[in-house]
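What follows is a short report on a single structure.
The values are calculated or read from the model by the stated rules, or taken from the named source; none is laboratory data. The model shown is predicted, which means the values in this text are computed figures rather than measured ones. Positions of Cβ are backbone-derived with ideal geometry, glycine not excepted, and every protein chain shown enters the neighbour counts. Remember, those area values only see protein heavy atoms, side chains included, never the ligands or the DNA or RNA. Shrake-Rupley method; radii C 1.70, N 1.55, O 1.52, S 1.80 Å.
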Amino acid sequence: KVAPLQHGKCIEFQKDYWSYEVCFRSKITQFRRGSTAKFSLGEYNASVHDKLYSNGTFVQTYEGGTDGRRVEVVFLCGKWKPRQIRVTEPTQLSYVITFHYPGACDWSRDGHGFATTARTEATKEEVIPVSALLEPLRDNCLNRTEGWWTYQYCFPHTLRQFHVAGSGAIEEPVHVLGTSVGRDVVSKVDFKLKSEPPLPSMEITKTKGPAAAGRARRVHRILQHQLGHGSHCDETSAPRSSMIIFECPEAWADPDMQMPQITSIAETTLCQYEIVISTTLVCSHPKLIPRIPRAP
């Protein structure tokens with residue numbers, strides 16, 4: 001559950017008079033912008049195990065701050081909404097910071113063990129799709145260059161292919177390999193969306209990874225999303241399409257694996273593509289954590 005919140009990942013936000021910097025599994029600081037007022041609210045206490053409850057909620061403890069300040073950071077099931085972080089001080093110098101975080105949802109309630117929806121802890125009414133785990137990717141695009149072409153995936157709506165000139169500029173034409181927001185919009189070199197698309201429906205399925213030396217092929221589960229309506233393909237006289245695959249990396253606990261990255265892209269058949277994105281964001285789902293392969 002905490003794989004995406006490993007040591008060193010920080011977020012900053014403001015609540016009323018004070019601003020806060022929360023560096024997960026490290027430290028929390030309270031300060032006022034434009035002044036010298038600054039207080040430590042505590043450092044992560046590794047000796048106090050994170051509390052994990054049956055509904056998915058978990059709590060981290062930070063202690064030893066200025067004048068004995070301490071914090072409990074509570075993660076409740078919900079969509080990731082940094083603007084809705086709640087800060088309270090139930091007793092003097094003792095704080096509670098509450099996040100809504102899809103990794104805190106109980107994804108095991110589906111009778112088949114492949115839960116792709118969960119309900120928020122606050123109301124039990126709002127249904128959260130499993131794609132909410134990837135919400136921190138929104139407003140970000142991942143790039144990978146292979147030979148002449150650069151491939152760009154912008155969550156959750158578009159995969160593009162183009163050439164980058166020596167000056168760093170994107171050259172036309174821009175090929176859309178799949179999109180959910182309109183081919184004409186995203187085929188422009190610099191595109192802007194009028195509104196953010198909703199979270200898509202995604203499926204969890206099994207796949208087999210490559211065999212390691214002396215070991216059987218690794219069977220694991222992935223999260224996948226189909227994108228169609230791409231640029232016209234002359235060879236097939238049909239729009240290009242792509243399968244976007246998200247997988248939890250085997251070394252998910254390694255701090256160097258925290259940044260999402262495109263690990264492979266292939267044209268499986270004419271004008272149909274498969275792109276694999278490795279990200280710890282999906283590791284919060286118990287069915288997406290890689291299994292240790294059995295001996296052959």
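Solvent exposure of segment 1-107, expressed per residue, is 51 Å² of accessible area, with all protein chains present and a 1.4 angstrom probe. Could you tell me which of the pairs Lys15/Lys38; Lys206/Lys287; Lys81/Lys192 are separated by over 18 angstrom between their Cα atoms in the structure shown? Exceeds cut-off: Lys81/Lys192. Tyr273 sits among other residues whose Cβ lies under 9 Å from its own Cβ, and their net charge, with Lys and Arg +1 and Asp and Glu -1, is -1. Our estimate of slack between Glu172 and Ser54, defined as 0.36 nm per intervening residue step minus the Cα-Cα distance, is 37.2 nm.
Taking a point 7 Å from the Cα of Asp67 along the Cα-to-Cβ direction, the residues of segment 22-36 with backbone N closer than 14 Å to it are 30-31.
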